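Bear in mind these aren't lab numbers, they're just calculated from the coordinates by the rules spelled out. Quick caveat: nothing in here was measured; it's all calculated off a predicted structure. So basically every Cβ, Gly included, is an ideal-geometry build from the backbone, and we count neighbours across all protein chains shown.
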Amino acid sequence: MTSPPRITRRNLLRIILLAIFPWLPAYLFERIDFYFGISGNIYWYYQLSGTRLEADVVSFALGGILVAYLLRPRWAVIQVFLSAALIWTLFYEACSTFRTGGLLHSGCYQTGPDGLAGFRLMAMMFSFGALPAIVKAASKRDALNRTVRPAIALAGGVVITVVMAWFPLTAWFSGVTYLSTLVVFQGLILAGVPQMATGMLAARIGRSLKIAASSGVVSLLALSAGLWTLSCPNCDRSILYPLVPSWAFFAFLGGLLELGLPQRFRFSLGDSWLGRIRLEDLRRVGVAVVLTVCLWTLVAYGFWDPRVLYASSISPTRADLTLGQSSYPYVAGYYNSTQYRICCLQLGVSFVEANVQLLAPDNFLMAGMGVQSPNCCVDGWDLGWRADVFLLPNSSLIVSGSSWTTCDSNANCGGYFWQQLRYHAQVRLNPQNMSAPIYLRMMWEPTNINGQTLYQANWYYDTTNVSWTRFGSFLPDFREGPYFDIGIPGGVPTNLPQGATYFYQFGIASKIPVSGWRVLLLYPSFQYQGSWRVMERANIIQGDYSFWKAEYRWGGEPYEGVTAQANLTDPNIPPGTALSHALGFGPRQATGLRQGWLLECPRLSMRLG
């Protein structure tokens with residue numbers, strides 16, 4: 001009869017460590033950060049919130065090493081899986097709902113547009129925690145059961161691929177890339193260079209070059225399947241098909257570095273310097289190459305080139321939003337003021353002159369406004385709102401209202417970027433006078449639903465022939481505050497435009513640059529303490545710096561050749577406009593915006609790249 005295990009200090013310490021790692025440090029980090037958020041300690045909230053993803057990765061990576069040391073590989077993998085499942089439950093299900101500032105909020109993480117953000121985050125954390133146990137199992141080699149070796153090898157290949165390539169691949173599937181000087185590293189990962197390490201691990205477990213090559217293909221298919229539903233309307237994912245042989249090749253090369261050439265293909269190089277190179281030396285070089293590529297992605301992690309908001313098609317029908325491509329020319333004014341939290345915005349638009357014959361069939365000219373609105377206690381998740389007038393090549397005008405939800409690579413967002421057009425409404429107009437002003441409003445207004453007073457966002461337009469008409473209404477998530485943010489967080493910056501976020505912008509864009517137009521933007525106003533107030537000052541911002549939050553812009557490229565004119569600098573211009581040339585924009589402040597802006601693209605001075 002076997003006696004029960006003795007409870008010694010060593011065994012008790014082992015039980016405690018297995019009970020709290022790797023999940024508890026990640027969870028405690030989140031709870032501490034969340035406490036700072038709801039208690040109003042904004043400094044520490046944002047300091048910690050920006051590193052939540054790193055805390056999760058480190059917790060599961062170091063915890064996985066500890067668990068692999070304390071348990072046999074199969075039990076270590078099971079323990080890490082249970083820890084990941086527990087984290088998912090705590091972050092996405094067993095999270096508190098509370099009331100603050102008179103509003104109901106939830107501490108749950110965002111599930112993303114397709115509802116899978118939480119599962120992707122847990123898969124990533126599980127991979128970092130399970131990899132040490134799989135590497136430990138690989139060292140057993142022939143001791144593994146022959147019937148399960150291939151499955152373990154392929155699963156291990158997927159796990160190590162996630163650890164090496166997760167961040168650049170999720171960004172690529174989301175339509176995000178590195179800044180231009182660092183794109184080469186994302187390109188090397190897409191080409192499959194890290195698969196050399198995948199092939200080495202799979203070959204060490206499966207003892208087969210075929211399994212090694214197959215691990216590259218399976219890893220690509222597994223990651224692609226897990227990320228395919230990420231929203232990226234104009235991404236060409238067909239590039240993945242020719243990459244299958246590339247991933248298989250590098251995984252096969254890794255298998256060769258691990259197992260060497262099959263006996264029937266081996267040959268002697270004699271006493272030449274090639275003959276004196278050991279397989280172990282080649283293996284170390286291969287690992288060094290993989291580490292260089294993958295570690296650079298961590299070094300360059302903060303240097304992603306953010307995408308703008310867009311939809312892929314242009315159409316006068318109600319079903320399609322026309323915001324252009326992922327990078328389009330844009331120039332705007334922004335409210336250069338301290339931050340206000342307001343309910344309502346207004347802007348007038350007049351296409352004073354526009355030659356529609358210069359518009360290509362799939363092009364447009366857009367004039368309007370965009371603004372940010374906040375949420376409570378969920379960092380990384382932000383909401384953008386637009387009201388615009390589109391001039392199409394057929395001379396028709398479309399009044400458009402839209403609401404976007406975005407997330408950056410914060411842990412709350414699943415650890416990757418995503419964006420979603422969650423609402424769009426539009427009305428088609430055919431005015432006899434194209435230059436007649438069209439006024440736009442975005443307003444938070446109360447509504448009664450099931451006896452409860454809630455707030456919804458409403459869009460209105462007004463023309464010379466039609467009084468204020470509501471053409472769109474959207475009831476948002478209960479975690480959103482029913483107000484817009486305008487101005488600049490932290491006050492008016494001294495070094496423009498670098499490093500700033502411009503909550504409220506009003507300006508001009510097109511899908512591709514076009515000349516021969518003049519657009520008047522009238523009375524950029526907001527409602528403050530119950531009365532409408534015209535914005536008293538503004539600055540020019542170009543598309544490459546048009547950030548309405550930390551990672552997203554309304555535009556993407558500067559609109560070369562565009563000038564803004566104002567009565568402040570030219571008395572011949574109607575009162576209340578501002579002047580700044582499109583080339584060499586600086587932090588020149590324009591005061592006295594009592595009427596509006598005139599943005600002009602002259603026929604002859606327009607420079608097309």
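Between rounded, prolate and oblate, where does segment 451-555 land on the alpha carbon gyration tensor, with a ≥ b ≥ c its root eigenvalues, rounded for a/c under 1.5, else prolate if a/b exceeds b/c?
oblate
Take the alpha carbon gyration tensor of segment 1-139, find the square roots of its eigenvalues, order them as a ≥ b ≥ c, and report rounded if a/c is under 1.5; if not, report prolate when a/b exceeds b/c, else oblate.
Prolate is the answer for segment 1-139, as a/c is 1.5 or above and a/b outweighs b/c.
In whole Å, how far is the Cα centre of segment 126-144 from that of segment 194-213?
Rounded to whole Å, the Cα centres lie 13 Å apart.
Could you calculate the FRET efficiency of residue 210 with residue 78 from 1/(1 + (r/R0)^6), where r is the beta carbon distance between them and R0 is 22 Å, rounded to 0.05?
E between residue 210 and residue 78, to the nearest 0.05, is 0.20.
Working out 0.36 nm times the residue gap between residue 532 and residue 433, then minus their Cα-Cα distance, what length gain in nm do you get to one decimal?
32.9 nm
Taking 0.36 nm per residue of sequence separation and subtracting the Cα-Cα distance, how much length would be gained by fully extending the chain between residue 54 and residue 15, in nm to one decimal?
11.4 nm
What does the C-alpha gyration tensor say about the overall shape of segment 77-127? Classify as rounded when a/c is under 1.5, otherwise prolate if a/b is larger than b/c, or oblate.
Oblate shape, in that a/c is at least 1.5 and b/c is the bigger or equal ratio.
Enumerate the residues in segment 422-456 having an amide nitrogen under 15 Å from the point lying 7 Å beyond the Cα of residue 395 toward its Cβ.
429-436
Packing-wise, with mean Cβ within 10 Å as the measure, how do 123-134, 449-460, 28-39, 69-80 rank, highest first?
So the peptides 123-134, 449-460, 28-39, 69-80, ranked by packing, come out 123-134, 69-80, 28-39, 449-460.
R0 = 25 Å: FRET efficiency of residue 24 with residue 477, Cβ-based, nearest 0.05?
Efficiency, rounded to the nearest 0.05: 0.25.
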